[in-house]
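Q: Here you go, one structure.
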Protein chains: 2
Amino acid sequence: MNTLAEENYLKAIYHLTENDGNASTNQIASSLNTKASSVTDMLKKLADKALINYTPYQGVNLTPSGEKIALGIIRKHRLWEYFLVEKLNFKWDQVHDLAEEMEHISSEELIDRLDQFMGYPTHDPHGDPIPDCNGRFNTHELKPVSAVTINQCGVISGVRDHSSSFLQYLDKQQLTIGCKIIITDIIEYDHSVVVQTGNKEVQISREVANNLLIAL
Amino acid sequence: MNTLAEENYLKAIYHLTENDGNASTNQIASSLNTKASSVTDMLKKLADKALINYTPYQGVNLTPSGEKIALGIIRKHRLWEYFLVEKLNFKWDQVHDLAEEMEHISSEELIDRLDQFMGYPTHDPHGDPIPDCNGRFNTHELKPVSAVTINQCGVISGVRDHSSSFLQYLDKQQLTIGCKIIITDIIEYDHSVVVQTGNKEVQISREVANNLLIAL
DNA sequence: TTATTTTTTTAGATTAGTCTAAATTTTTTA
DNA sequence: TAAAAAATTTAGACTAATCTAAAAAAATAA
């Protein structure tokens with residue numbers, strides 16, 4: 001098995017390389033709140049274990065076995081988040097740090113039973129897809145609200161920023177997962193977006209629009 | 001907060017001193033599968049933190065704050081065991097090692113919500129009492145079957161040995177928590193005990209009788 | 001009550017993960 | 001394309017937790 005630190009590195013590398021190709025030492029360091037020199041040390045270790053492809057100075061990406069481990073951790077994280085919200089009534093802005101700890105409980109059987117207990121949910125409370133026991137998940141195309149044109153409508157289906165403060169702000173504006181919204185106006189001056197949700201109209205900044213994802 | 005190793009030491013010391021007074025270095029070492037010299041090092045650290053009373057060569061016991069931490073861990077362990085058996089349908093012989101890992105999830109709020117979710121259970125699947133959020137629990141008097149006289153009856157309410165093999169054996173003999181039994185005979189030669197459970201009569205060895213606890 | 005055995009502690013080393021500071025490589029810019 | 005800046009790696013050190021081997025203390029036995 002892998003240590004807690006190794007698991008956290010693999011997960012960070014997974015997220016950093018989700019879209020583009022390679023994760024740099026500095027990117028990893030900043031996403032794990034550690035120093036570049038510590039990262040280099042760990043990259044060597046993970047490369048020795050054949051979990052990442054590492055060429056000095058060139059950044060890294062996951063090998064198939066590294067990705068499998070990363071997806072296993074993400075699966076656990078998201079299932080625990082779902083459990084915390086759906087069964088223990090936590091709010092969606094309270095569960096990230098807890099799940100960060102719980103994702104390292106090692107048993108596969110435990111997580112598969114938890115999955116079954118909850119009815120095989122496909123998405124966590126923030127709209128992120130939950131990998132199944134083989135690491136597979138549907139990646140539906142989501143767009144940031146900032147990339148949508150006037151009069152388009154969609155369903156809020158995800159966030160790019162998982163911080164409590166952002167999630168609490170969304171709660172306050174009643175912009176939560178599953179809400180149907182229509183983009184009614186885009187302010188040219190600062191790219192704020194006016195969206196209609198239910199009976200209410202809200203104006204959100206460009207930054208918020210950028211971190212709020214919808215399915216069209 | 002305390003490290004995982006510290007928590008495990010505190011828990012071990014708690015269990016070793018549950019009845020008598022002090023835990024010795026060697027007792028702690030053997031209960032944690034480590035060496036006496038490692039134990040000495042850790043005892044100094046725990047004493048510095050005022051979690052144990054330690055006089056070199058004289059063994060240790062917990063201070064009130066050490067006991068509070070130990071009881072918190074035991075509470076978590078037993079609540080997770082209950083969860084695993086009652087909600088995820090694990091067998092009582094499968095949950096110990098899993099709970100050993102889960103007991104170190106730090107959040108108090110999580111465990112209190114879990115407690116509520118399950119309806120504030122008072123005993124774990126092995127019959128051990130679950131401390132409440134203040135560390136309090138009822139300690140009902142249990143007796144090993146080996147200490148009971150012929151024709152007495154009682155309810156199976158606990159075990160002294162938590163190993164899978166013992167628990168599986170009890171399952172096979174249908175000697176599980178909550179079963180009403182009557183001691184029908186005690187073999188003088190080897191102190192085996194004959195017990196009647198439901199419609200069946202089973203003979204159990206002295207060792208088994210010694211590890212099986214009943215409420216009279 | 002001295003000698004032997006057992007228990008415990010000390011001394012010194014090891015491993016994982018981290019750090020700072022210095023050196024090196026790559027990238028950017030002039 | 002050479003100099004400056006940024007990114008990365010190396011070197012050396014630190015902490016927590018462990019270990020083995022040796023020393024010291026306590027318990028037991030002769």
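Q: So what is the relative contact order of the range A:143-215, in percent, for Cα pairs below 8 Å that sit 6 or more residues apart?
A: Here the relative contact order equals 44 percent.
Q: List the aspartates and glutamates whose alpha-carbon lies under 18 Å from that of residue A:200, not counting same-chain residues fewer than 8 positions away?
A: Within reach: A:171, A:185.
Q: In straight Cα distance, which lysines are under 18 Å from residue A:49, not counting same-chain residues fewer than 8 positions off?
A: Candidates past the 8-residue exclusion: A:11, A:68.
Q: Taking the Cα centre as origin and putting +1 on Lys and Arg beta-carbons and -1 on Asp and Glu beta-carbons, what dipole magnitude results for the range A:4-62, to the nearest 20 debye?
A: 140 debye
Q: Okay, next question. For residue A:139, place a label point 7 Å from Cα along the Cα-to-Cβ direction in every copy; what are the distances to the other copies, in nm, shortest first?
A: 5.7
Q: For the protein assembly as shown, what is the charge dipole size about the Cα centre, in debye to the nearest 20, if Lys and Arg each add +1 at the Cβ and Asp and Glu each add -1 at the Cβ?
A: With Lys and Arg at +1 and Asp and Glu at -1, about 80 debye.
Q: So how far apart, in nm, are the two label points at residue B:55 and residue A:162 if each is 7 Å from Cα heading toward Cβ?
A: Distance between label points: 5.2 nm.
Q: Here's something else I'd like to know. To one decimal in nm, how far is residue B:198 from the same spot in the other copies, if labels go 7 Å from Cα toward Cβ? Please give the shortest first.
A: 5.3
Q: In addition: If you take the square roots of the eigenvalues of the alpha-carbon gyration tensor of the range B:1-60 and sort them as a ≥ b ≥ c, do you get rounded (a/c under 1.5), prolate (a/b over b/c) or oblate?
A: Rounded, since a/c falls under 1.5.
Q: Please list, by residue number, every one of the chymotrypsin sites (Phe, Trp or Tyr not before Pro) in the range B:1-104 that is coil in DSSP and has at most 11 other beta-carbon atoms within 10 Å.
A: Here the sparse-neighbourhood loop sites are B:57.
Q: Please go through the residue pairs A:35/A:87; A:91/B:76; A:91/A:143 and name each one whose alpha carbons sit more than 27 Å apart in this structure.
A: Exceeds cut-off: A:35/A:87.
Q: What gaps in nm, shortest first, separate residue A:152 from its twins in the other copies when you place the label 7 Å past Cα toward the beta carbon?
A: The answer, with the shortest distance listed first, is 7.7 nm.
Q: Return the average number of partner chain Cβ atoms within 10 angstrom of each residue Cβ along peptide A:111-120.
A: The mean count of partner-chain Cβ atoms within 10 Å per residue comes to 2.
Q: Let me ask another. Quick one: net charge of residue B:141's neighbours, Cβ under 15 Å, K/R +1, D/E -1?
A: Net local charge, residue B:141 excluded: 0.
Q: Please get the size of the charge dipole for chain B, origin at its Cα centre, with Cβ charges of +1 on Lys and Arg and -1 on Asp and Glu, quoted in debye to the nearest 20.
A: 120 debye
Q: Something else: So what is the relative contact order of chain A, in percent, for Cα pairs below 8 Å that sit 6 or more residues apart?
A: Reported relative contact order: 15 percent.
Q: Set the Förster distance to 35 Å, then compute FRET efficiency between residue B:38 and residue A:45 from the Cβ-Cβ distance, nearest 0.05.
A: FRET efficiency, residue B:38 to residue A:45: 0.90.
Q: Compute the signed sum of charges (Lys and Arg +1, Asp and Glu -1) over the other residues within less than 11 Å, Cβ to Cβ, of residue A:195.
A: 0
Q: Given a Förster radius of 45 Å and the C-beta distance between residue B:106 and residue A:201 as r, what FRET efficiency does 1/(1 + (r/R0)^6) yield to the nearest 0.05?
A: With a Förster radius of 45 Å, E is 0.60.
Q: Right, another one. Considering the options B:63, B:203, B:140, tell which one lies farthest towards the positive end of the dipole of chain B, charges being +1 on Lys and Arg and -1 on Asp and Glu at the Cβ, about the Cα centre.
A: Farthest along the dipole direction, towards plus: B:63.
Q: Next question, about the same structure. To the nearest 10 square angstrom, how much accessible area does residue A:212 have with a 1.4 angstrom probe?
A: The value for residue A:212 is about 0 Å².
The values are calculated or read from the model by the stated rules, or taken from the named source; none is laboratory data. This structure is a prediction, so every number in the text was calculated from the model and none was measured. Using ideal geometry, Cβ is built from the backbone for each residue, glycine included, and neighbour counts are taken over all protein chains shown. To get the accessible areas, we keep the full protein, side chains included, count just its heavy atoms, and leave off ligands, DNA and RNA. Shrake-Rupley method; radii C 1.70, N 1.55, O 1.52, S 1.80 Å.
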